[in-house]
Each structure stands twice: as C-alpha cells, then as structure tokens.
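To keep things clear, I will list the structure first and then write my remarks on it.
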Amino acid sequence: MYPEGGTANGGTYTIIGANFNDIATDTDQFELLEDFGIIKCMYVSGKHTEIVDGSLIAYPFDSDAEPNSVACVTPEWEGAGEVHIKIALNGRDFTGEFPFTFYDKIDEKEIYPKCGPNKGNTKVTIEGGGLELTDELWMKWGLDKRKVD
C-alpha cells in the first residue's frame, strides 16, 4: 500500500495492491466493476467508519496492464491516529486490513512572502499546525514540484 499515511484533512490518493486473478480474468469484467461504481474503500477506527468510492488501476501506472490495485482518496478524518482500510469489489463484502495513519490536520496560518519575481527561486515560508518536515514532503507550484527543506 502506498502511501502509508496522510493528513486528516483527507484527499490523499492511496493505492492498495490486490490480486484479482480469482475475481476477474478479462478486461470486460474489470470494466463492468468500474461501470457499476461498486469499488469501495472503508476506513475503520473503533466505532468511526467512512466508506468512499474506489477505482481499479494498474500500478505502476501502465495503460496496457490489467488492473492490479485499488485506488481511493482518503476522506476527512476526525484527527490523527491509525485506521485500517478494507476494500470491496462488489460494494458490500469488505476484505483486508491495510494499516493507514492519519496525521494532524494541516492548518495553514500564514504564507510569506505573498509574491515574488516571475523568474522564481523565491524561498516561501508556510506557518501553521500539522506541518511535519519529512523526507517525502514536496511542494507543487503549477507544474513544478520541489522538495521541501
């Protein structure tokens, strides 16, 4: 599963590897599963449960490969903590217990400077809560992606 965590704000694109050999053996069956919108992901922690729509994907991303994973976007969660993700290909029979960690919600308070030159390379500072500097932290500006330091 990738990634293994995301913010409680929700919106983290999560990929869960799966073996579909026993469920569907040709592209038509995969398309039927997608068409009926019955791929689901369930996020569970104690009594709190959220179910979101999922989709079948080929990962690593390759347009010619058969689906081998389920992708879901995390819902907003009440706060930091560990949950388990279960998947259902029929919308009701959930299986698996994939651990996922929700981190504190990001609460951006201030971004400065407010502007910079068009040529770029302006150091930007973001202050707020739930910001944790890790090796996997990146910022995206338009189409440009940069590692955070």
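A few remarks follow.
- Only listed residue being touching a residue at least 24 places away in the same chain (Cβ under 8 Å) and among the β-branched types (Val, Ile, Thr), chosen from Thr101, Thr134, Thr95: Thr101
- Members of region 72-84 found to be among the hydrophobic types (A, V, I, L, M, F, W, C) and assigned to a loop (DSSP other than H, G, I, E, B), listed by number: Trp77, Ala80
- Within region 92-138, being modelled with pLDDT under 85, among the small types (Gly, Ala, Ser) and at positive phi holds for Gly120, Gly128, Gly130.
- Pairs linking a residue in region 63-92 that is without any contact (Cβ under 8 Å) to a residue 60 or more places away in the chain to a residue that is surrounded by fewer than 18 Cβ atoms within 10 Å (Cβ to Cβ) and acidic (Asp, Glu), with Cβ atoms under 9 Å and 6 or more positions apart or on different chains, are Glu66/Asp26; Pro67/Glu34; Cys72/Asp53; Val83/Glu50; His84/Glu97; Lys86/Glu97.
- One residue stands out among those in region 105-119 that are surrounded by 10 or more Cβ atoms within 10 Å (Cβ to Cβ) and more than 16 Å from Asp149 (Cα to Cα): the one that is farthest from the chain's Cα centre (by Cα), which is Gly116.
- Residue match in region 57-71 (condition: assigned to a strand (DSSP E or B), over 18 Å from the mean Cα position of the chain (by Cα), surrounded by 11 or more Cβ atoms within 10 Å (Cβ to Cβ) and of a type in the set (A, V, I, L, M, F, W, C)): no
The values are calculated or read from the model by the stated rules, or taken from the named source; none is laboratory data. This structure is a prediction, so every number in the text was calculated from the model and none was measured. With ideal geometry, Cβ positions are generated from the backbone for all residues, glycine too; neighbour counts draw on all protein chains shown.
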